[in-house]
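Remarks on the structure that follows.
Laboratory data are not the source of any read-out in this text; all were calculated from the coordinates shown. Quick caveat: nothing in here was measured; it's all calculated off a predicted structure. Cβ coordinates were reconstructed from backbone atoms using ideal geometry, including for glycine residues, and neighbour counts include every protein chain displayed.
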Amino acid sequence: MALIPNFFDNQRVSSIFDPFSSLDIWDPFKDLTPFISSSNSLLSGENPAFVNTRIDWRETPEAHVFKADLPGLKKEEVKVEIEDDRVLQISGQRNVEKEDKNDTWHRVERSSGKFSRRFRLPENAKMDQIKASMENGVLTVTVPKDEVEKHDVKTVEISE
């Protein structure tokens, strides 16, 4: 979650006050991690671009729809889980390609590693009817919504 909007890539920035925003924890050193941590070093093959998978959350009149770009992953490599406290978790892993000692690598740009994103679902989510599908590297999770009860509005007369 960015505190300062990025004007150069047309991404939507969620509000820090939005109770339904991602449960990601802000780490001021996350972009420096490959340089200062041996467990996440550039040599380990873990790339922060994949670790911080981007997910869109759209609300329609009928459902909450989550879409994640996961190019090159199979549905067996992705998990969609629901926790008791109305939390949707999307996670997975792309393994580093096996190196052959006879190969000469000129560039390694494809990302690999684990990712996990969590979202607190609103009260109107039908937790027992969630569906997920994956097509052409795009995971779509659909969370149907309960119908909102329309309350009768009663006008109260103001006396003098």
Neighbour cut-off at most 10 other Cβ (10 Å), DSSP loop, GluC sites (Glu not before Pro), region 84-156: 99, 109, 123, 147, 149
Pairwise label distance in nanometres, residue 79 with residue 149, each label 7 Å out on the Cα-Cβ vector: 3.7
Region 87-160, relative contact order in percent, only Cα pairs under 8 angstrom and at least six apart counted: 27
Pair residue 54, residue 126: separation of 7 Å Cα→Cβ label points (nm): 3.1
Surface/4 estimate of mean projected area, convex hull on alpha-carbon atoms of region 81-160, nm²: 11.3
Partner lysines for residue 131 [C-alpha distance under 28 Å; skip if fewer than 8 residues away on the same chain]: 67, 74, 75, 79, 114, 145, 150
